[in-house]
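First comes the structure, then the notes that go with it.
The values are calculated or read from the model by the stated rules, or taken from the named source; none is laboratory data. If you're wondering where the values come from, they're calculated on a predicted model, not measured in any experiment. Note that each Cβ is placed from the backbone with ideal geometry, even for glycine, and that neighbours are counted across all protein chains shown. Ligands, DNA and RNA are excluded from the accessible area calculation, which covers all protein heavy atoms including side chains. Shrake-Rupley method; radii C 1.70, N 1.55, O 1.52, S 1.80 Å.
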Amino acid sequence: MNQIRLNRMKTYIEKKNVVTIKELQALFPEVSLMTIHRDLDALTEAGVVVKFRGGAKSVRHNGDPEFNVRIGENNSGKFAIAQKAMELIQPHSSVFLDASTTNLMLARSLPDINLNIITTGPSIALELCRLHNPVVTLCCGTINRKNLALSGQNTLEMLKKINIDLAFIGVSGFSLEAGFTCGTEGDMLVKRMVIQKARTSVVMCSHDKLKCLMPYTFAHLSDVDYLISDEPMPEAFADAAKQAGLKIL
């Protein structure tokens, strides 16, 4: 096993936090896919990376930034996304909001109309208490202290029993190869189930998320109906979205 290559791979993963196998193939075109997997197995055994399907992450990488950090990031972009999102909401519909800070911005922007709102975000449920007309349902489950999101088996069992007209899903990262990604397995399972259940699913992806890749893929372009962003998407993304039948707002 080539120690120089292992050290270079370790440094690259620690710098990027999360990488895909294809990235590593491009970085080391002189070796086979099997060799890359063997190198990752060695780094995993050494305790410096964690392998997952399609890639690896640094053990220093702890997923999404904490809620109190994210709530102060790109608020102008989140506001622009929230304004576009409101165009899709019809009175008397059943709307799901996940625990993302973009959905918190949407909750702050919502008018006082008749809606059934389901959320996995306690902070979002509290924000919606300022309104009188929406019926607000907070999912049960285990709370992640870092991102203030509810998830787990109880959450999934509850969501199985709920019908959803329109779902708004926050995104932690995106790449054409990996799709829409998030930082924890629990969040991934919730987002994936909601997208499958909802009549219309909307991912909310600000331009800065295109630079990020998180460990867990919850959807690909063809799995969702709309994408809302704060800025025009790059041409390659727009072309892929059109081919997948995804509408960009």
- Task: Pairs only if they're at least six apart or on different chains, beta carbon under 8 angstrom, first in the stretch 137-155 and open to solvent by 60 Å² or more (accessible area, probe 1.4 Å), second part of a loop (DSSP other than H, G, I, E, B) and hydrophobic (A, V, I, L, M, F, W, C); list them, first residue then second.
- Result: Asn154/Cys140
- Of everything in the stretch 213-236 that's part of a helix (DSSP H, G or I) and small (Gly, Ala, Ser), which residue is nearest to the chain's Cα centre (by Cα)? Ser222
- Task: Scan the stretch 198-241 for residues that are without any contact (Cβ under 8 Å) to a residue 60 or more places away in the chain, open to solvent by 60 Å² or more (accessible area, probe 1.4 Å) and of a type in the set (Ser, Thr, Tyr) and jot them down.
- Result: Ser222
- Message: Just to be sure I understand, how many residues within the stretch 198-216 are modelled with pLDDT of 90 or more, touching a helix residue (DSSP H, G or I) at 6+ places or on another chain (Cβ under 7 Å) and not aliphatic (A, V, I, L, M)?
- Response: 1
- Message: Filter the stretch 1-18 down to the residues that are assigned to a loop (DSSP other than H, G, I, E, B) and crowded, with 16+ Cβ neighbours inside 10 Å and list them by number.
- Response: Asn17
- Give me the pairs: first residue in the stretch 1-15 and touching a residue at least 40 places away in the same chain (Cβ under 8 Å), second residue of a type in the set (Phe, Trp, Tyr) and in a helix (DSSP H, G or I), beta-carbon distance under 9 Å, and six or more apart or on different chains, which are they? none
- Item | Among the residues listed as Ala178, Ala125, the single one being closer than 28 Å to His92 by Cβ and open to solvent by less than 20 Å² (accessible area, probe 1.4 Å) | Ala125
- Message: So, in the stretch 137-196, how many residues would count as being over 12 Å from the mean Cα position of the chain (by Cα), part of a loop (DSSP other than H, G, I, E, B) and of a type in the set (Val, Ile, Thr)?
- Response: 2
- Which listed residue, of Ser201, Ser229, Ser172, Ser206, is over 24 Å from Gln90 (Cα atoms) and small (Gly, Ala, Ser): Ser172
- Among the candidates Leu176, Leu156, Leu150, residue that is within 28 Å of Glu23 (Cα to Cα) and in contact with a helix residue (DSSP H, G or I) (Cβ under 8 Å, 6 or more places away or on another chain): Leu176
- Task: Could you run through the stretch 41-64 and say how many residues are open to solvent by 60 Å² or more (accessible area, probe 1.4 Å) and at pLDDT below 65?
- Result: 2
- Message: Cβ-Cβ under 6 Å, sequence separation 6+ or interchain: first residue in the stretch 81-101 and under 15 Å from Asn163 (Cα atoms), partner of a type in the set (Ser, Thr, Tyr) and surrounded by fewer than 24 Cβ atoms within 10 Å (Cβ to Cβ). Which pairs?
- Response: none
- Read through the list (1) part of a loop (DSSP other than H, G, I, E, B); (2) surrounded by 15 or more Cβ atoms within 10 Å (Cβ to Cβ), then give the number of the only condition that Pro111 fails. (2)
